[in-house]
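The values are calculated or read from the model by the stated rules, or taken from the named source; none is laboratory data. None of these values were measured; they are calculated from a predicted model. Quick reminder, even Gly has a Cβ in these numbers, built from the backbone with ideal geometry, and neighbours come from all protein chains shown. The accessibility values were calculated without ligands, DNA or RNA, using every heavy atom of the protein model including side chains. Shrake-Rupley method; radii C 1.70, N 1.55, O 1.52, S 1.80 Å.
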Amino acid sequence: MVLCDMATMATNNSDEIEEIEKKEQDSTNLEEYPPEFLIKHPLQHTWTLWYYEPDKQKSWEESQREITSFDTAEDFWSLYNHIKSASELRQGCDYSMFKQGIRPMWEDEANKQGGRWLMTLDKKQRNSDLDHFWLEILLCMIGEAFNEHSDDVCGAVVNVRPKGDKLGIWTADANRSTSVMEIGRKLKERLRISPKQMIGYQVHKDVMVKAGSITKNTYQV
């Protein structure tokens, strides 16, 4: 019995020593890296990625899937580098990136008074521009590139469609004209869109009640 207890104690001690050595090794390894590599860079807000894939068995809202949330720059890149790019999505599918707690739909309390800056790309731009534009929009949002107007940004959506893909950045209040226009100008600048090419802002309420296939722009830059 005593021999059995001693053997058990020896095994436990051996396990503890291995654990301590492992921790010391891990600590030594960490010391090899500068401190800035060990610290994540927090974002101003927590953001949530949503994915939409049409399903005839589900409503549009039920087909919106909340994938994951992140609140550091490193976690954003980890997510971005492990999912399909926008240009690889099946036609009919969407990605949405919104501040945590905001659903990617007009009816959400944070969105219903707002609208979106909308860009429609022709089919050949899927290979040349779509991924670059989408990434630049995401970086603008999570990096608070709209300065004091960043709080008005709710999120962004990319729609992959047969007739032409769409990119939209959603704001909270369509009546805040100064904020809406500054966001539009910054967006156009960051995407390096030609001054001759106009982009328009549509109010969600107008889109919801539109009679035809075209919704008029309330603002444009």
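A few remarks follow.
- E182, sole failed condition from (1) surrounded by 15 or more Cβ atoms within 10 Å (Cβ to Cβ); (2) within 23 Å of R65 (Cβ to Cβ): (2)
- The lone criterion from (1) in contact with a helix residue (DSSP H, G or I) (Cβ under 9 Å, 6 or more places away or on another chain); (2) surrounded by 12 or more Cβ atoms within 10 Å (Cβ to Cβ); (3) of a type in the set (S, T, N, Q) left unmet by Q197 is number (2).
- Among the residues of the stretch 106-124, those that are surrounded by 17 or more Cβ atoms within 10 Å (Cβ to Cβ) and not in a loop (DSSP other than H, G, I, E, B) comprise G115, R116, W117, L118, M119.
- Whichever residue in the stretch 80-105 is in a helix (DSSP H, G or I) and within 12 Å of the chain's Cα centre (by Cα) and, among such residues, is farthest from D131 (Cα to Cα): Y80
- When S78, S96 are screened for being of a type in the set (S, T, Y) and under 22 Å from H41 (Cα atoms), only S78 passes.
- Residue, surrounded by the fewest Cβ atoms within 10 Å (Cβ to Cβ), within the stretch 40-63, restricted to residues that are part of a strand (DSSP E or B) and of a type in the set (S, T, Y): T46
- Criterion (out of contact with any Ser or Thr (no Cβ under 8 Å at 6 or more places or on another chain), in a helix (DSSP H, G or I) and open to solvent by 20 Å² or more (accessible area, probe 1.4 Å)) met by exactly one of D151, D131: D151
- Pairs with Cβ under 9 Å, 6+ apart, first in the stretch 46-71 and within 16 Å of H82 (Cβ to Cβ) and of a type in the set (G, A, S), second open to solvent by 60 Å² or more (accessible area, probe 1.4 Å) and part of a loop (DSSP other than H, G, I, E, B): S69/Q100
- Among the residues making up the stretch 81-105, those that are open to solvent by 80 Å² or more (accessible area, probe 1.4 Å) and either touching a residue at least 24 places away in the same chain (Cβ under 8 Å) or touching a strand residue (DSSP E or B) at 6+ places or on another chain (Cβ under 6 Å) (or both) are R90, Q91, Q100, R103.
- Checked against (1) part of a helix (DSSP H, G or I); (2) over 23 Å from P54 (Cα atoms), R192 meets all criteria but (1).
- As a summary of the residue check, P162 satisfies the conditions (1) within 30 Å of S59 (Cβ to Cβ); (2) of a type outside the set (D, E); (3) in contact (Cβ under 8 Å) with a residue 24 or more places away in the chain; (4) surrounded by 14 or more Cβ atoms within 10 Å (Cβ to Cβ) except for the one numbered (4).
- In the stretch 165-174, the residue that is least open to solvent (accessible area, probe 1.4 Å) out of those that are under 12 Å from L118 (Cα atoms) and charged (D, E, K, R) is D165.
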